[in-house]
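The values are calculated or read from the model by the stated rules, or taken from the named source; none is laboratory data. Note that the coordinates shown come from a computational prediction; the quantities given were computed from them, not determined experimentally. Here the Cβ positions follow ideal geometry from the backbone for every residue, glycine too, while neighbour counts run over all protein chains shown. Each accessible area value is taken on the protein alone, full model and side chains, heavy atoms only, with ligands, DNA and RNA left out. Shrake-Rupley method; radii C 1.70, N 1.55, O 1.52, S 1.80 Å.
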Amino acid sequence: MSTADATGGTRSTAGTAAEARPRAGAWISWTALALMTTSSVASLRPSPTMAVYGLACVFLYVVPALVFLLPTSLVSAELASGWEGGVYNWVSLGISKPMGFLAVWCQFAMTIFYYPSLLGYVASTLAYVFNPDLASSGVWTAAVIMICYWSGVWISSRGTKGVAGLASAGLVLGTLIPGAVLITLGLVFLGQGNSSAAPMTSDHLLPAWTGLASLVLIVNNFLSYSGMEMNAVHVSLLRRPAKEFPRAMFLAMGLVLLIFILPALAISWVVPSEQLSLTAGVMQAFDAVFAEFGSQWLTPVVGIMLVTASLGGMLTWLAGPSRGLLLISRQEGYLPPFLQRLNKNGVQQNILVVQGLITTVIALLYAFVPDVSSAYWIFSVITTQVYLIMYLLLFVAAVRLRRNDPDHPRGYRAPMLAGLCGIGFAASLAALLVGFVPPSQFESGNAGLYILFVAGGALGLGLLVPYLFYRLRKPSWKQPEPEVSPS
């Protein structure tokens, strides 16, 4: 997920022209853009989720890359090169202002469930630094989520500088180095004559079909690829956007697929799927591989690297989407004044605190759900579905803007825009609907309870809450532009 979300959807300017082309010497190369995109999307966190499929994870990563990642990248590039203001302005101009509010709300609301799922992964990873048995403890997971989140709120409320730099360092520290180590040792593990825990034959290239539930885990990959609409804002920095942007996106897609697929395969070689934890799977694989080579002392070291990267990413995301929601709400009066207040550092502390209270309640659910992996999966699905609502609006807005304002200057025009939007919309809608089906891995659970949690979280938070805010809004809720003190 991209960390550029901090301002991507905040401004509601008229958007009558694209931003001015950069001055000479300010261009970036298409390879640099590809690497920027890779760093903002790629992560080891979803690897255990796909490792349960073994070799079939290749198929399950490639398909959403073609039907979601590619359309989102190219369509967002056209919108970003033609209109300022990010998702709010694109959807407002293409559909309506209420739909623009819904889009920017979904960008914010999905983080309410994103943080518990991300920090659930942090808790399981951190367990391997102290005691691996803690990875399956709901109480441990809930405690780590609450401590990490509220610490992040405290740091963000102080307007700390330099937090965004943690995300860049996190790509190397928490993704590339551990990923390369995992893949290398996995290959050595196989090279020494050990058999793979998952079959690696050609007849396992496709996931076993046991009904719709067997494909549900593919939904998580849509969240893994999300955030491309933020990277598209850099299209105006390319010398020849029409040629170079697609080239950059295809390279980025290849790199992202390698970073996603190879570690997932390495985990499937070492850890049997029935023993795999969706939150602690990465550390399970490292622990098993290091044990094979008599180097288990390295497991806590890798755990600290992964935790550091994840927490850095959380901090860069913490104030971003809420900041976008704040600015739009001040201009249009979408939120009550209490939620619009800023602290002395110009930070929307009240929004972060209310969000934190909800996050705390969600965290406590981990303590009462017997299977931590099930809770992690449910929160991941809700996160994805709320975000997919925004993408549905994005694709509709792009088609309407091309049809209603075809002569508006754009630095980049996506080829076959209507077709791309049709594919992206259909894929997003399918992923949203499939998310309501309990995955085959959790057949033993209560299907009705699963659907209730997912529907209540996704539809309630993604649609009902913004509808109530919009219907209850008052003219007095509009506020002057906030004066943000330097931080």
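Below, the figures for the structure above:
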| read-out | value |
| --- | --- |
| Rounded FRET efficiency, nearest 0.05, which uses the C-beta distance separating Val63 from Arg247 and R0 of 30 Å | 0.85 |
| Base-10 log of normalised Debye intensity for segment 285-382 (one unit scatterer per alpha-carbon) at q = 0.16, 0.20 Å⁻¹ | -0.91, -1.09 |
| Distance (nanometres) between label positions extended 7 Å along Cα→Cβ at Met200 and Ala447 | 3.6 nm |
| At most 16 other Cβ within 10 Å, DSSP loop - trypsin sites (Lys or Arg not before Pro), segment 329-426 | Arg341, Lys344, Arg413 |
| Carbon plus sulfur fraction of accessible area for segment 35-145, probe 1.4 Å, in percent | 70 percent |
